[in-house]
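The values are calculated or read from the model by the stated rules, or taken from the named source; none is laboratory data. This is a predicted model, so every value here is computed, not measured. Don't worry about glycine lacking a Cβ; one is built from the backbone with ideal geometry, like all the others, and counts go over all protein chains shown.
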Amino acid sequence: MATVALKDVTKVFPDGTVAVDTINLDVNDGEFMVLLGPSGCGKSTVLRMVAGLEDPSSGAIMLGGELANDLPPRDRKIAMVFQDFALYPHMTVGDNIGFPLRLSGVEPGPRGERIQDVASALGIGDVLARKPGQLSGGQRQRVAMGRAIVRRPGLFLMDEPLSNLDSGLRAELRAEISGLTRELGVTTIYVTHDQAEALTMADRVAIMRKGVLQDVGTPTQVYGRPATLYVAAFLGSPRMNLLEASVYVHLDRYVALNLGEQALYLPWDDIRSRAVAHYHGERIVVGMRAEALTPVAPDTAGDVLHGRIRYLEHHGHESLAFLDIGATAIVVDEMGTPVERAAPGQRGLRRFNQVMQRLTGRATESSGPALEVGGGGGNRTSVLPDPGRHHRRPAELAVRLAPYPQVSPGHPLAVQVRMDALHFFDERGDRIDVGWR
Ligand SMILES: Nc1ncnc2c1ncn2[C@@H]1O[C@H](COP(=O)(O)OP(=O)(O)OP(=O)(O)O)[C@@H](O)[C@H]1O
Ligand SMILES: [Mg+2]
(Lines give C-alpha, C1' and ligand atoms only; values in the text may rest on other atoms or scores of the structure.)
(Ligands and ions follow the chains in the order given, each with its own letter.)
Protein backbone atom coordinates (compact mmCIF):
# COMPACT_ATOMS: atom_id res chain seq x y z
CA MET A 1 0.00 0.00 0.00
CA ALA A 2 1.61 3.24 -1.13
CA THR A 3 0.16 5.68 1.35
CA VAL A 4 1.87 8.78 2.69
CA ALA A 5 1.13 10.50 5.97
CA LEU A 6 2.73 13.62 7.35
CA LYS A 7 2.21 14.02 11.08
CA ASP A 8 2.99 17.43 12.58
CA VAL A 9 5.87 17.82 10.16
CA THR A 10 7.96 20.97 10.54
CA LYS A 11 11.09 21.97 8.65
CA VAL A 12 13.28 24.76 9.96
CA PHE A 13 16.42 25.39 7.91
CA PRO A 14 19.67 26.21 9.73
CA ASP A 15 19.28 29.92 8.93
CA GLY A 16 15.99 29.90 10.86
CA THR A 17 13.64 29.81 7.85
CA VAL A 18 10.49 27.92 8.78
CA ALA A 19 9.75 26.37 5.39
CA VAL A 20 7.09 23.92 6.62
CA ASP A 21 5.07 24.52 9.75
CA THR A 22 3.30 21.63 11.55
CA ILE A 23 1.75 20.04 8.49
CA ASN A 24 -0.65 17.12 8.75
CA LEU A 25 -1.60 15.43 5.50
CA ASP A 26 -2.76 11.96 4.47
CA VAL A 27 -2.38 10.73 0.92
CA ASN A 28 -4.39 7.61 0.13
CA ASP A 29 -3.27 4.64 -1.93
CA GLY A 30 -3.56 5.45 -5.64
CA GLU A 31 -4.56 9.02 -4.97
CA PHE A 32 -3.47 12.00 -7.08
CA MET A 33 -2.73 14.71 -4.50
CA VAL A 34 -1.76 18.16 -5.67
CA LEU A 35 0.23 20.51 -3.42
CA LEU A 36 -0.67 24.03 -4.45
CA GLY A 37 0.68 27.37 -3.33
CA PRO A 38 2.71 30.40 -4.36
CA SER A 39 6.47 30.44 -4.74
CA GLY A 40 8.32 29.91 -1.49
CA CYS A 41 5.38 28.42 0.45
CA GLY A 42 7.23 25.16 1.11
CA LYS A 43 5.89 22.78 -1.53
CA SER A 44 9.24 21.46 -2.69
CA THR A 45 10.42 21.10 0.88
CA VAL A 46 7.44 18.84 1.64
CA LEU A 47 8.19 16.75 -1.43
CA ARG A 48 11.87 16.50 -0.61
CA MET A 49 11.09 15.32 2.90
CA VAL A 50 8.78 12.61 1.54
CA ALA A 51 11.56 11.55 -0.84
CA GLY A 52 14.08 11.51 1.99
CA LEU A 53 16.26 14.22 0.46
CA GLU A 54 15.59 16.48 3.43
CA ASP A 55 15.08 15.55 7.08
CA PRO A 56 12.10 16.98 8.95
CA SER A 57 13.07 19.08 11.99
CA SER A 58 10.19 17.46 13.86
CA GLY A 59 7.21 15.27 13.13
CA ALA A 60 6.81 11.96 11.34
CA ILE A 61 6.85 10.92 7.69
CA MET A 62 4.91 7.69 7.32
CA LEU A 63 5.16 5.57 4.17
CA GLY A 64 2.76 2.66 3.84
CA GLY A 65 1.90 3.14 7.50
CA GLU A 66 5.52 2.77 8.67
CA LEU A 67 7.66 5.50 10.15
CA ALA A 68 10.10 6.45 7.39
CA ASN A 69 12.06 9.34 8.88
CA ASP A 70 15.27 7.32 8.90
CA LEU A 71 14.66 5.33 5.72
CA PRO A 72 17.28 6.14 3.05
CA PRO A 73 15.86 7.60 -0.21
CA ARG A 74 16.74 4.50 -2.27
CA ASP A 75 14.63 2.28 0.01
CA ARG A 76 11.50 4.41 -0.32
CA LYS A 77 10.31 3.01 -3.72
CA ILE A 78 9.77 6.55 -4.91
CA ALA A 79 10.23 8.12 -8.33
CA MET A 80 10.63 11.83 -8.68
CA VAL A 81 10.38 14.22 -11.62
CA PHE A 82 11.58 17.79 -11.25
CA GLN A 83 10.92 20.97 -13.17
CA ASP A 84 14.48 21.13 -14.47
CA PHE A 85 14.92 17.43 -15.17
CA ALA A 86 18.02 16.50 -17.13
CA LEU A 87 18.22 13.76 -19.74
CA TYR A 88 21.51 12.20 -20.80
CA PRO A 89 22.15 13.97 -24.13
CA HIS A 90 24.43 11.30 -25.58
CA MET A 91 21.98 8.44 -24.90
CA THR A 92 18.97 7.56 -27.05
CA VAL A 93 15.46 8.04 -25.72
CA GLY A 94 15.22 4.29 -25.13
CA ASP A 95 18.45 4.21 -23.15
CA ASN A 96 17.39 7.24 -21.12
CA ILE A 97 14.14 5.56 -20.14
CA GLY A 98 15.85 2.24 -19.48
CA PHE A 99 18.71 3.71 -17.46
CA PRO A 100 17.24 3.02 -13.98
CA LEU A 101 16.56 -0.59 -15.04
CA ARG A 102 20.13 -1.03 -16.26
CA LEU A 103 21.40 0.31 -12.91
CA SER A 104 19.33 -2.23 -11.03
CA GLY A 105 20.59 -5.05 -13.28
CA VAL A 106 17.51 -5.85 -15.39
CA GLU A 107 18.52 -7.99 -18.42
CA PRO A 108 18.39 -6.37 -21.91
CA GLY A 109 15.42 -8.54 -23.04
CA PRO A 110 12.90 -7.67 -20.33
CA ARG A 111 14.38 -4.20 -20.16
CA GLY A 112 13.53 -3.58 -23.82
CA GLU A 113 9.97 -4.74 -23.26
CA ARG A 114 9.46 -2.49 -20.28
CA ILE A 115 10.90 0.49 -22.18
CA GLN A 116 8.56 -0.20 -25.09
CA ASP A 117 5.52 -0.49 -22.82
CA VAL A 118 6.23 2.74 -21.00
CA ALA A 119 7.11 4.64 -24.18
CA SER A 120 3.89 3.52 -25.88
CA ALA A 121 1.85 4.54 -22.88
CA LEU A 122 3.44 7.97 -23.10
CA GLY A 123 3.04 8.28 -26.86
CA ILE A 124 6.77 8.34 -27.61
CA GLY A 125 7.12 4.75 -28.82
CA ASP A 126 8.25 5.89 -32.25
CA VAL A 127 11.15 8.10 -31.15
CA LEU A 128 13.07 5.61 -29.00
CA ALA A 129 16.13 5.71 -31.27
CA ARG A 130 16.46 9.52 -31.23
CA LYS A 131 18.65 11.58 -28.94
CA PRO A 132 17.03 14.11 -26.55
CA GLY A 133 18.34 16.99 -28.71
CA GLN A 134 16.06 15.80 -31.53
CA LEU A 135 12.87 16.02 -29.45
CA SER A 136 10.32 18.73 -28.71
CA GLY A 137 9.97 20.06 -25.15
CA GLY A 138 6.86 17.99 -24.58
CA GLN A 139 8.53 14.82 -25.83
CA ARG A 140 11.53 15.42 -23.56
CA GLN A 141 9.14 15.82 -20.64
CA ARG A 142 7.57 12.49 -21.51
CA VAL A 143 10.97 10.82 -21.59
CA ALA A 144 11.68 12.15 -18.09
CA MET A 145 8.33 10.78 -16.94
CA GLY A 146 9.06 7.46 -18.63
CA ARG A 147 12.40 7.19 -16.88
CA ALA A 148 10.66 7.84 -13.56
CA ILE A 149 7.85 5.33 -13.94
CA VAL A 150 9.77 2.53 -15.67
CA ARG A 151 10.73 1.02 -12.33
CA ARG A 152 7.06 0.89 -11.35
CA PRO A 153 7.36 3.02 -8.25
CA GLY A 154 4.69 2.84 -5.58
CA LEU A 155 4.89 6.57 -5.14
CA PHE A 156 5.38 9.25 -7.74
CA LEU A 157 6.57 12.72 -6.74
CA MET A 158 6.44 15.49 -9.34
CA ASP A 159 7.71 18.99 -8.72
CA GLU A 160 6.28 21.44 -11.26
CA PRO A 161 7.10 19.07 -14.13
CA LEU A 162 5.28 21.19 -16.71
CA SER A 163 6.37 24.69 -15.80
CA ASN A 164 8.96 24.95 -18.56
CA LEU A 165 6.46 24.19 -21.30
CA ASP A 166 4.16 26.48 -23.26
CA SER A 167 0.52 26.65 -22.23
CA GLY A 168 -0.91 24.49 -25.03
CA LEU A 169 1.46 21.65 -24.30
CA ARG A 170 0.90 21.99 -20.56
CA ALA A 171 -2.84 21.50 -20.98
CA GLU A 172 -2.25 18.42 -23.14
CA LEU A 173 0.31 16.83 -20.82
CA ARG A 174 -1.78 17.67 -17.76
CA ALA A 175 -4.51 15.32 -18.94
CA GLU A 176 -1.97 12.69 -19.94
CA ILE A 177 -0.12 12.69 -16.65
CA SER A 178 -3.20 12.38 -14.50
CA GLY A 179 -4.62 9.76 -16.87
CA LEU A 180 -1.43 7.74 -16.84
CA THR A 181 -0.88 7.74 -13.07
CA ARG A 182 -4.49 6.70 -12.55
CA GLU A 183 -4.15 3.92 -15.09
CA LEU A 184 -1.02 2.69 -13.31
CA GLY A 185 -2.68 3.15 -9.92
CA VAL A 186 0.42 4.98 -8.63
CA THR A 187 0.01 7.22 -5.62
CA THR A 188 1.13 10.66 -6.77
CA ILE A 189 2.03 13.92 -5.08
CA TYR A 190 2.19 16.68 -7.65
CA VAL A 191 3.47 20.17 -6.86
CA THR A 192 2.32 23.25 -8.72
CA HIS A 193 1.64 26.94 -8.20
CA ASP A 194 -0.94 26.89 -11.00
CA GLN A 195 -4.45 26.69 -9.59
CA ALA A 196 -5.98 25.64 -12.91
CA GLU A 197 -3.54 22.74 -13.08
CA ALA A 198 -4.45 21.74 -9.53
CA LEU A 199 -8.19 21.87 -10.07
CA THR A 200 -8.10 19.91 -13.32
CA MET A 201 -5.67 17.16 -12.26
CA ALA A 202 -6.20 16.45 -8.59
CA ASP A 203 -8.24 13.91 -6.72
CA ARG A 204 -7.59 16.22 -3.78
CA VAL A 205 -5.76 19.53 -3.48
CA ALA A 206 -3.72 20.67 -0.47
CA ILE A 207 -3.25 24.44 -0.45
CA MET A 208 -0.24 25.89 1.36
CA ARG A 209 0.74 29.38 2.37
CA LYS A 210 3.98 30.29 4.10
CA GLY A 211 4.61 26.73 5.24
CA VAL A 212 1.11 26.35 6.67
CA LEU A 213 -1.56 24.06 5.21
CA GLN A 214 -4.69 26.12 4.60
CA ASP A 215 -7.17 23.64 3.22
CA VAL A 216 -7.36 20.09 1.85
CA GLY A 217 -10.17 18.67 -0.22
CA THR A 218 -11.46 17.61 -3.60
CA PRO A 219 -11.38 20.37 -6.23
CA THR A 220 -15.13 20.78 -5.75
CA GLN A 221 -14.75 21.15 -1.99
CA VAL A 222 -11.90 23.65 -1.95
CA TYR A 223 -13.45 25.68 -4.77
CA GLY A 224 -16.99 25.51 -3.43
CA ARG A 225 -16.27 25.92 0.29
CA PRO A 226 -12.82 27.48 0.67
CA ALA A 227 -11.71 27.28 4.32
CA THR A 228 -9.98 30.64 4.32
CA LEU A 229 -10.02 33.94 2.51
CA TYR A 230 -6.65 33.05 1.12
CA VAL A 231 -7.90 29.83 -0.50
CA ALA A 232 -10.93 31.69 -1.84
CA ALA A 233 -8.70 34.28 -3.46
CA PHE A 234 -6.21 31.74 -4.80
CA LEU A 235 -8.61 29.42 -6.64
CA GLY A 236 -10.58 30.27 -9.72
CA SER A 237 -10.31 32.61 -12.65
CA PRO A 238 -11.33 35.38 -12.60
CA ARG A 239 -10.55 35.62 -8.91
CA MET A 240 -13.41 35.63 -6.44
CA ASN A 241 -14.77 39.11 -5.77
CA LEU A 242 -14.07 39.80 -2.09
CA LEU A 243 -15.98 42.75 -0.73
CA GLU A 244 -15.86 44.33 2.67
CA ALA A 245 -19.33 44.33 4.22
CA SER A 246 -20.57 45.77 7.46
CA VAL A 247 -23.26 43.64 9.01
CA TYR A 248 -26.36 45.15 10.47
CA VAL A 249 -29.10 43.06 12.05
CA HIS A 250 -32.69 44.23 11.82
CA LEU A 251 -34.21 41.81 14.31
CA ASP A 252 -36.93 39.60 12.85
CA ARG A 253 -36.59 41.28 9.45
CA TYR A 254 -33.26 40.79 7.77
CA VAL A 255 -29.51 40.98 8.03
CA ALA A 256 -28.11 43.79 5.93
CA LEU A 257 -24.71 43.41 4.28
CA ASN A 258 -23.67 46.98 3.63
CA LEU A 259 -21.22 47.14 0.78
CA GLY A 260 -20.38 50.83 0.79
CA GLU A 261 -22.97 52.60 -1.31
CA GLN A 262 -25.18 49.53 -1.75
CA ALA A 263 -26.47 46.66 0.33
CA LEU A 264 -27.62 43.06 0.04
CA TYR A 265 -30.16 41.56 2.42
CA LEU A 266 -30.40 38.09 3.92
CA PRO A 267 -34.00 37.42 5.01
CA TRP A 268 -34.28 36.74 8.75
CA ASP A 269 -35.76 33.28 8.22
CA ASP A 270 -32.85 32.32 5.99
CA ILE A 271 -30.64 29.82 7.79
CA ARG A 272 -27.52 31.82 6.80
CA SER A 273 -28.76 34.90 8.64
CA ARG A 274 -28.17 33.24 11.99
CA ALA A 275 -24.47 32.75 11.46
CA VAL A 276 -23.92 36.13 9.86
CA ALA A 277 -25.99 37.93 12.54
CA HIS A 278 -23.25 37.14 15.05
CA TYR A 279 -21.18 39.80 13.32
CA HIS A 280 -23.69 42.60 13.92
CA GLY A 281 -21.88 45.93 13.87
CA GLU A 282 -18.70 44.39 12.49
CA ARG A 283 -17.04 44.13 9.14
CA ILE A 284 -16.80 40.81 7.40
CA VAL A 285 -15.81 39.79 3.88
CA VAL A 286 -18.44 38.68 1.38
CA GLY A 287 -17.12 36.61 -1.51
CA MET A 288 -18.90 36.26 -4.82
CA ARG A 289 -17.50 34.49 -7.83
CA ALA A 290 -18.26 35.78 -11.30
CA GLU A 291 -20.63 32.84 -11.83
CA ALA A 292 -22.81 34.15 -8.99
CA LEU A 293 -23.41 37.39 -10.91
CA THR A 294 -25.79 37.71 -13.87
CA PRO A 295 -26.24 40.92 -15.84
CA VAL A 296 -29.90 42.04 -15.72
CA ALA A 297 -32.04 45.00 -16.81
CA PRO A 298 -31.36 48.05 -14.60
CA ASP A 299 -34.88 48.14 -13.12
CA THR A 300 -34.81 44.50 -11.98
CA ALA A 301 -35.97 44.07 -8.40
CA GLY A 302 -34.33 41.78 -5.85
CA ASP A 303 -30.71 41.09 -5.04
CA VAL A 304 -29.18 43.44 -7.57
CA LEU A 305 -26.02 45.52 -7.51
CA HIS A 306 -25.57 48.53 -9.79
CA GLY A 307 -22.31 49.81 -11.14
CA ARG A 308 -20.43 51.34 -13.98
CA ILE A 309 -17.98 49.48 -16.16
CA ARG A 310 -14.48 50.58 -15.31
CA TYR A 311 -12.81 48.41 -17.92
CA LEU A 312 -13.33 45.32 -20.05
CA GLU A 313 -11.17 42.31 -20.77
CA HIS A 314 -11.84 40.21 -23.84
CA HIS A 315 -10.88 36.55 -23.56
CA GLY A 316 -12.29 35.33 -26.87
CA HIS A 317 -14.86 32.90 -25.47
CA GLU A 318 -16.13 35.51 -23.00
CA SER A 319 -15.56 39.07 -21.92
CA LEU A 320 -15.11 40.24 -18.36
CA ALA A 321 -16.47 43.54 -17.16
CA PHE A 322 -14.98 45.12 -14.06
CA LEU A 323 -17.59 47.26 -12.34
CA ASP A 324 -17.21 50.15 -10.02
CA ILE A 325 -19.97 49.57 -7.45
CA GLY A 326 -18.84 51.94 -4.72
CA ALA A 327 -17.68 49.09 -2.49
CA THR A 328 -14.34 48.19 -0.96
CA ALA A 329 -12.44 45.12 -2.10
CA ILE A 330 -10.22 43.07 0.16
CA VAL A 331 -7.02 42.12 -1.56
CA VAL A 332 -5.32 39.10 -0.09
CA ASP A 333 -1.60 39.35 0.18
CA GLU A 334 -0.14 36.07 -1.05
CA MET A 335 3.01 36.42 0.93
CA GLY A 336 1.38 37.83 4.06
CA THR A 337 2.08 36.42 7.47
CA PRO A 338 0.08 33.36 8.45
CA VAL A 339 -3.18 34.08 10.21
CA GLU A 340 -3.07 33.71 13.98
CA ARG A 341 -5.87 31.57 15.25
CA ALA A 342 -7.81 31.75 18.48
CA ALA A 343 -9.48 28.55 19.63
CA PRO A 344 -12.79 28.44 17.74
CA GLY A 345 -14.88 27.72 20.83
CA GLN A 346 -13.55 30.71 22.70
CA ARG A 347 -13.91 32.92 19.71
CA GLY A 348 -17.49 31.90 18.99
CA LEU A 349 -18.64 32.43 22.54
CA ARG A 350 -16.87 35.72 22.88
CA ARG A 351 -18.42 36.91 19.69
CA PHE A 352 -21.87 35.74 20.70
CA ASN A 353 -21.58 37.65 23.95
CA GLN A 354 -20.36 40.78 22.22
CA VAL A 355 -23.18 40.68 19.72
CA MET A 356 -25.89 40.02 22.28
CA GLN A 357 -24.54 42.81 24.40
CA ARG A 358 -24.71 45.23 21.52
CA LEU A 359 -28.15 44.09 20.42
CA THR A 360 -29.70 44.08 23.87
CA GLY A 361 -27.55 46.65 25.66
CA ARG A 362 -26.63 44.23 28.45
CA ALA A 363 -24.26 41.40 29.12
CA THR A 364 -25.55 37.86 28.70
CA GLU A 365 -25.62 35.40 31.56
CA SER A 366 -23.16 33.15 29.87
CA SER A 367 -20.51 35.86 29.94
CA GLY A 368 -18.17 34.81 32.68
CA PRO A 369 -15.39 32.32 32.67
CA ALA A 370 -15.24 32.01 28.89
CA LEU A 371 -14.96 35.75 28.50
CA GLU A 372 -12.02 35.83 30.87
CA VAL A 373 -10.27 33.28 28.70
CA GLY A 374 -10.76 35.52 25.72
CA GLY A 375 -9.25 38.45 27.61
CA GLY A 376 -12.56 40.12 28.52
CA GLY A 377 -15.46 41.28 26.40
CA GLY A 378 -13.48 44.30 25.29
CA ASN A 379 -10.96 42.14 23.52
CA ARG A 380 -12.10 43.07 20.03
CA THR A 381 -9.79 41.51 17.54
CA SER A 382 -8.35 43.36 14.58
CA VAL A 383 -10.59 45.22 12.22
CA LEU A 384 -9.89 44.75 8.53
CA PRO A 385 -7.34 45.20 7.23
CA ASP A 386 -4.40 43.81 9.12
CA PRO A 387 -1.08 45.07 7.90
CA GLY A 388 0.76 42.42 5.92
CA ARG A 389 -2.27 40.20 5.52
CA HIS A 390 -4.66 41.82 3.14
CA HIS A 391 -5.44 45.35 2.14
CA ARG A 392 -8.35 47.34 0.79
CA ARG A 393 -8.97 49.16 -2.42
CA PRO A 394 -12.01 50.30 -4.42
CA ALA A 395 -13.76 47.18 -5.62
CA GLU A 396 -13.79 46.18 -9.26
CA LEU A 397 -16.51 43.60 -9.41
CA ALA A 398 -15.62 41.01 -12.07
CA VAL A 399 -18.68 40.02 -14.12
CA ARG A 400 -18.84 37.58 -17.04
CA LEU A 401 -20.39 38.80 -20.25
CA ALA A 402 -20.91 37.28 -23.69
CA PRO A 403 -17.88 37.76 -25.97
CA TYR A 404 -17.36 41.29 -27.27
CA PRO A 405 -20.51 42.86 -25.78
CA GLN A 406 -21.92 46.13 -27.11
CA VAL A 407 -20.86 48.05 -24.01
CA SER A 408 -17.87 50.20 -23.21
CA PRO A 409 -16.18 51.63 -20.12
CA GLY A 410 -18.43 54.10 -18.32
CA HIS A 411 -21.56 52.15 -19.31
CA PRO A 412 -23.94 51.36 -16.40
CA LEU A 413 -24.54 47.69 -15.62
CA ALA A 414 -26.83 45.91 -13.14
CA VAL A 415 -26.06 42.41 -11.89
CA GLN A 416 -28.25 39.99 -10.03
CA VAL A 417 -26.49 38.25 -7.15
CA ARG A 418 -27.13 34.59 -6.44
CA MET A 419 -27.43 34.88 -2.69
CA ASP A 420 -27.02 31.12 -2.17
CA ALA A 421 -23.59 31.32 -3.80
CA LEU A 422 -22.12 33.90 -1.42
CA HIS A 423 -19.13 33.11 0.77
CA PHE A 424 -18.51 34.75 4.13
CA PHE A 425 -15.21 35.24 5.95
CA ASP A 426 -14.43 36.81 9.29
CA GLU A 427 -11.81 39.47 9.94
CA ARG A 428 -9.20 36.78 10.51
CA GLY A 429 -9.82 35.35 7.08
CA ASP A 430 -11.57 32.19 8.32
CA ARG A 431 -14.70 30.95 6.62
CA ILE A 432 -17.91 31.74 8.47
CA ASP A 433 -19.86 28.52 8.33
CA VAL A 434 -23.39 29.47 7.43
CA GLY A 435 -24.60 25.89 7.52
CA TRP A 436 -25.66 25.16 3.98
CA ARG A 437 -24.19 23.42 0.93
N1 LIG B 1 18.36 24.98 2.02
C2 LIG B 1 17.61 26.02 2.42
N3 LIG B 1 18.05 26.86 3.38
C4 LIG B 1 17.30 27.91 3.80
N5 LIG B 1 16.07 28.18 3.34
C6 LIG B 1 15.59 27.38 2.37
C7 LIG B 1 16.31 26.26 1.86
N8 LIG B 1 15.56 25.65 0.91
C9 LIG B 1 14.42 26.36 0.84
N10 LIG B 1 14.42 27.39 1.71
C11 LIG B 1 13.34 28.35 1.95
O12 LIG B 1 12.21 27.65 2.41
C13 LIG B 1 11.03 28.20 1.87
C14 LIG B 1 10.25 27.15 1.10
O15 LIG B 1 11.01 26.77 -0.03
P16 LIG B 1 10.47 25.73 -1.10
O17 LIG B 1 11.53 25.51 -2.09
O18 LIG B 1 9.92 24.54 -0.41
O19 LIG B 1 9.27 26.56 -1.74
P20 LIG B 1 8.32 26.20 -2.99
O21 LIG B 1 6.92 26.31 -2.50
O22 LIG B 1 8.74 24.93 -3.61
O23 LIG B 1 8.61 27.44 -3.96
P24 LIG B 1 8.73 27.45 -5.58
O25 LIG B 1 7.31 27.46 -6.11
O26 LIG B 1 9.39 28.77 -5.84
O27 LIG B 1 9.53 26.29 -6.02
C28 LIG B 1 11.47 29.39 1.04
O29 LIG B 1 11.36 30.54 1.83
C30 LIG B 1 12.90 29.09 0.71
O31 LIG B 1 13.64 30.25 0.51
MG1 LIG C 1 9.58 24.45 -5.44
- prompt: Could we say that Met1 is surrounded by fewer than 19 Cβ atoms within 10 Å (Cβ to Cβ) and not basic (Lys, Arg) here?
  reply: yes
- line: Scanning the range 413-434 for residues that are small (Gly, Ala, Ser), over 11 Å from Ile284 (Cβ atoms) and not in a strand (DSSP E or B) gives Ala421
statement: Going through the range 109-147 in order, the residues found to be modelled with pLDDT of 90 or more, in contact with a Pro (Cβ under 8 Å, 6 or more places away or on another chain) and not basic (Lys, Arg) are Pro132, Gly133, Val143, Ala144
- prompt: Inside the range 118-135, can you point out the residues that are outside any loop (DSSP other than H, G, I, E, B) and farther than 12 Å from Arg147 by Cα?
  reply: Ser120, Ala121, Gly125, Asp126, Val127, Pro132, Gly133, Gln134
field: Selection count where residues are away from ligand 2 (no atom under 16 Å from the Cβ) and among the polar types (S, T, N, Q), scope the range 1-21
entry: 2
query: How about the range 68-88: which of its residues are within 16 Å of ligand 2 (Cβ to nearest atom) and surrounded by fewer than 19 Cβ atoms within 10 Å (Cβ to Cβ)?
result: Phe82, Gln83, Asp84, Phe85
message: Going residue by residue through the range 42-51, is there one that turns out to be at negative phi and in contact with a helix residue (DSSP H, G or I) (Cβ under 7 Å, 6 or more places away or on another chain)?
response: yes
field: Hits in the range 167-203 - residues which are farther than 20 Å from Gly137 by Cα and among the small types (Gly, Ala, Ser)
entry: Gly185, Ala196, Ala198, Ala202
- request: Using the structure shown, decide if Met49 is in contact with a Leu (Cβ under 9 Å, 6 or more places away or on another chain), within 13 Å of ligand 2 (Cβ to nearest atom) and modelled with pLDDT under 95.
  value: no
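For every residue, the table says whether it meets (1) over 17 Å from Ile78 (Cβ atoms); (2) touching a residue at least 24 places away in the same chain (Cβ under 8 Å).
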residue: Thr17; (1), (2): yes, no
residue: Val20; (1), (2): yes, yes
residue: Gly30; (1), (2): no, yes
residue: Cys41; (1), (2): yes, yes
residue: Leu47; (1), (2): no, yes
residue: Leu53; (1), (2): no, no
residue: Ser57; (1), (2): yes, yes
residue: Met62; (1), (2): no, yes
- prompt: Looking at the range 22-38, which of the residues that are over 19 Å from Leu53 (Cβ atoms) and more than 14 Å from ligand 2 (Cβ to nearest atom) is surrounded by the fewest Cβ atoms within 10 Å (Cβ to Cβ)?
  reply: Asn24
task: Filter the range 259-272 down to the residues that are under 21 Å from Thr328 (Cα atoms) and touching a residue at least 60 places away in the same chain (Cβ under 8 Å), then identify the one that is surrounded by the most Cβ atoms within 10 Å (Cβ to Cβ).
output: Leu266
- line: Those residues of the range 388-421 which are in contact with a Pro (Cβ under 6 Å, 6 or more places away or on another chain) and either free of Cβ contacts under 8 Å to residues at least 12 places away in the same chain or of a type in the set (Gly, Ala, Ser) (or both) amount to Ala398, Ala414
query: In the range 40-67, what count of residues is obtained for those that are among the aliphatic types (A, V, I, L, M), surrounded by fewer than 21 Cβ atoms within 10 Å (Cβ to Cβ) and within 20 Å of Thr188 (Cβ to Cβ)?
result: 3
- line: Taking the range 160-169 and the residues there that are outside any helix (DSSP H, G or I) and more than 16 Å from ligand 2 (Cβ to nearest atom), the one that is farthest from Leu122 (Cα to Cα) would be Asp166
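Let's see how each residue does on (1) surrounded by fewer than 19 Cβ atoms within 10 Å (Cβ to Cβ); (2) over 20 Å from the mean Cα position of the chain (by Cα); (3) at pLDDT 85 or above:
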position	(1), (2), (3)
Met158	no, no, yes
Ser163	yes, no, no
Arg182	yes, yes, yes
Val191	no, no, yes
Glu197	no, no, yes
Residue check for Met91: of a type in the set (A, V, I, L, M) and within 16 Å of ligand 2 (Cβ to nearest atom): no
field: Hits in the range 273-297 - residues which are assigned to a helix (DSSP H, G or I) and either surrounded by fewer than 16 Cβ atoms within 10 Å (Cβ to Cβ) or touching a helix residue (DSSP H, G or I) at 6+ places or on another chain (Cβ under 8 Å) (or both)
entry: Arg274, Ala277, Glu291, Ala292
query: Are there any strands (runs of 3 or more DSSP E) wholly within the range 170-233 with 3 or more residues that are within 16 Å of ligand 2 (Cβ to nearest atom) and within 19 Å of Gly40 (Cβ to Cβ), and if so which?
result: 187-192, 204-209
